[in-house]
1. Restricting the search to the stretch B:2-19, which residues are surrounded by fewer than 18 Cβ atoms within 10 Å (Cβ to Cβ) and assigned to a helix (DSSP H, G or I)?
2. For the condition more than 25 Å from the chain's Cα centre (by Cα) and modelled with pLDDT of 95 or more, what is the one hit in B:323, B:270, B:264?
3. Filter the stretch A:57-69 down to residues that are within 7 Å of another protein chain (Cβ to nearest Cβ) and open to solvent by less than 40 Å² (accessible area, probe 1.4 Å) and give me whichever is nearest to the chain's Cα centre (by Cα).
4. As an exercise: evaluate residue B:103 against (1) more than 20 Å from residue A:80 (Cβ to Cβ); (2) within 18 Å of the chain's Cα centre (by Cα); (3) within 14 Å of chain A (Cβ to nearest Cβ) and give the number of the one condition it does not meet.
5. Return yes when residue B:118 is more than 21 Å from residue B:12 (Cα to Cα) and within 16 Å of ligand 2 (Cβ to nearest atom) and no when it is not.
6. Select from the stretch B:85-106 the residues that are within 14 Å of ligand 1 (Cβ to nearest atom) and open to solvent by 10 Å² or more (accessible area, probe 1.4 Å) and list them in ascending order.
7. When the residues of the stretch A:142-165 are filtered to those that are in contact (Cβ under 8 Å) with a residue 40 or more places away in the chain and touching a strand residue (DSSP E or B) at 6+ places or on another chain (Cβ under 8 Å), which remaining residue is most open to solvent (accessible area, probe 1.4 Å)?
8. Could you grab me the full set of residues in the stretch A:1-39 that are in a helix (DSSP H, G or I) and closer than 21 Å to residue A:57 by Cβ?
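The values are calculated or read from the model by the stated rules, or taken from the named source; none is laboratory data. Bear in mind the structure is a predicted one, so any value in this text is a computation, not a measurement. Here Cβ is always computed from backbone atoms with ideal geometry, including for glycine, and neighbour counts include all displayed protein chains. Side chains are part of the model used for accessible areas, which takes the heavy atoms of the whole protein and leaves out ligands, DNA and RNA. Shrake-Rupley method; radii C 1.70, N 1.55, O 1.52, S 1.80 Å.
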Amino acid sequence: MATRLMTPVMVLSDGYIANGSEPWRIPDVNDLEPIPVQHPAAPTDEAEKFLPYLRDQLLSRPWALPGTVGLMHRVGGLEKEDRTGNVSYDPANHQHMVNTRAQKVRNVNDVVAPPQIFGPPQGDLLVLSWGGTYGACRTAVTHLQQAGHSVSHLHLRWVNPLPSDLGNQLRGFQQVVIPELNTGQLRQLIQGQLQVPAVGINKVEGRPFSVAELVDKIAAILQAREADLAASV
Amino acid sequence: MNTVLPVLKANDFGSDQDIRWCPGCGDYSILAQMKKVLPDVGIPPHQIVFVSGIGCSSRFPYYMNTYGMHTIHGRAPAVATGLKIANPELNVFVITGDGDALSIGGNHLLHLIRRNVDLNIILFNNRIYGLTKGQYSPTSQPGHITKSTPTGSLDHPLNPLSVVLAADATFVARSIDFNTKHLGETLYQATQHRGTSFVEVLQNCNVFNDGAWEHLTDKDVKDDNLLVLRHGQPMVYGKNQDKGVRLSGLSPQSVVLGGEMTEDQLLVHDQSLPEPHIAHMLARFSNPELPVPIGVLRQVSRPCYEEQVWQQVQQAKSKSKGDLNAIFNSGDTWTVA
Ligand SMILES: Cc1ncc(C[n+]2csc(CCOP(=O)(O)OP(=O)(O)O)c2C)c(N)n1
Ligand code: SF4
Ligand SMILES: [Mg+2]
């Protein structure tokens, strides 16, 4: 993604992933998708002006390697004119470039497959998770499903940008629960960006969630809502 | 095959961008000298990269028709190190300011220098944060009144040359924006050094710290305040070349030549001394007791970092051909029936 979109990519990890262990299927190197990288070549015509801020259909810029004849250009923090990459102080260009960069990051969703819901796409409750809580969340949801509850699970692998259709996926459920080993970071993003209310299960005790703990807390959330509904009739 | 190389001129190295430094800023002079020196160095623009941090000085790369990276405050050394390792053929310059190099980038600077990556660092020292409109910097003098020290700075200043000598810099020099000929020569010498070369350029910020180096640039007094270092020459200075520096015990001392005091009693400059003691001493010379040295304080040889990295890579390659599948399947693995 970093080379396809020419953007920094941050990989979030956590202590549980770093310290935990589980059997992993070893991939065959030959089955791994290649990461194609292209660098523009030196122009054949000397008069040809290199455009370092020209963008492809995903809005990604060319990656010209220092050392290539004729492609000298400057990158850096000052705003650049679209296409030419000249330093620009033009207000309209600045607006255009800010919008372009934001759209480029959203274009990640044109390359990454959307996340799949585990369980029915509609129901009483969706558990939304990310990172090292995957195992505990998936197993807890499986137990609750086996006990007859209408519960599904969605695990995010890409947190920014959020998947394009995530809002609609979440709205298929009466309630969204986000278990996190922090005080509610993903919950803030979901509520802020998608305006979908969510209930947090949060813990910062330096220990991972246990399956039983999640099963109990999710069951209690389901029960509380049933009691609310019963009281409001 | 012999290819005829085009003869490059100073203008071939300048970009067509508007320069946004204040009129009268010392940065113009450094830019002009750099453009003038590069044709003599004989490297075409596409093999040169200027890497900078943040500050007025760090806008420098935009004004050169080479590759350029205006990076993050204080982080030019990290980017430049990566660049030089990735492609040792490139000629890399780090352009930085007293704030960029010695405040936020202080630790990066030290590690670049101790590794002796083969590149050139030019530090524009105007003893102030210019870009942010005049706050005190790590080289500001005690008592200096600035926007962020309204009742005078309490901080003991850093001496850039002492700092880089402590990191065992292999090429250490100082020059002055006003002294264009000396500046050009010093920049040229820096480009000829293999390893990290460090040049402190005393630069006037005529808007926020005007006259910071006046005692070294004013034509009436400068010659009595400056010591122009020349390799192999006795340390003579003064308007009439009538003063010198000698060692009295372990301490340097300024003396007036004449009578019993002859040139052969003076210190003779040797920039190639393996131990940096004398260079350390020179770096600390300050007015009025002693003249401020300009020129090359130290030039010694030590292996370059990027060269050693590539040696390690070659060694590893000669021992075994990398096989990703083999690595994947090594260690704690088993087959599921
Ligand atoms: C991370 C970060 N911190 C602070 C700043 C604000 N800032 C911009 S330039 C600068 C200091 C520049 O001083 P110097 O390196 O001496 O450069 P000059 O402008 O004097 O050439 C500071 C503190 C910034 N841009 N980024
Ligand atoms: S603020 Fe000072 S250092 Fe910056 S451009 Fe103006 S004169 Fe030069
Ligand atoms: Mg400065």
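1. In the first step, residues of the stretch B:2-19 are kept if they are surrounded by fewer than 18 Cβ atoms within 10 Å (Cβ to Cβ); the result is B:2-12, B:16-19.
Answer for the stretch B:2-19, where residues must be surrounded by fewer than 18 Cβ atoms within 10 Å (Cβ to Cβ) and assigned to a helix (DSSP H, G or I): B:10, B:11, B:12.
2. On the way: B:323 fails: modelled with pLDDT of 95 or more; B:270 fails: more than 25 Å from the chain's Cα centre (by Cα).
One residue alone meets the criteria, B:264.
3. Restricting attention to the stretch A:57-69, the residues satisfying the condition of being within 7 Å of another protein chain (Cβ to nearest Cβ) are A:66-69.
Now narrow it down to the ones that are open to solvent by less than 40 Å² (accessible area, probe 1.4 Å): A:66-68.
Working: A:66: 32, A:67: 35, A:68: 35 Å.
Among those residues, the one meeting the criterion is A:66.
4. For residue B:103, the failing item is (3).
5. Values: more than 21 Å from residue B:12 (Cα to Cα): yes; within 16 Å of ligand 2 (Cβ to nearest atom): no.
Taking the combined requirement at face value, the residue does not satisfy it.
6. Keep residues of the stretch B:85-106 that are within 14 Å of ligand 1 (Cβ to nearest atom), which gives B:94-106.
Passing the criteria: B:102, B:103, B:104, B:106.
7. That would be A:157.
8. If we filter the stretch A:1-39 for residues that are in a helix (DSSP H, G or I), which is where we start, we get A:2-5, A:15-19, A:29-31.
Scanning the stretch A:1-39 gives A:2, A:3, A:4, A:5.
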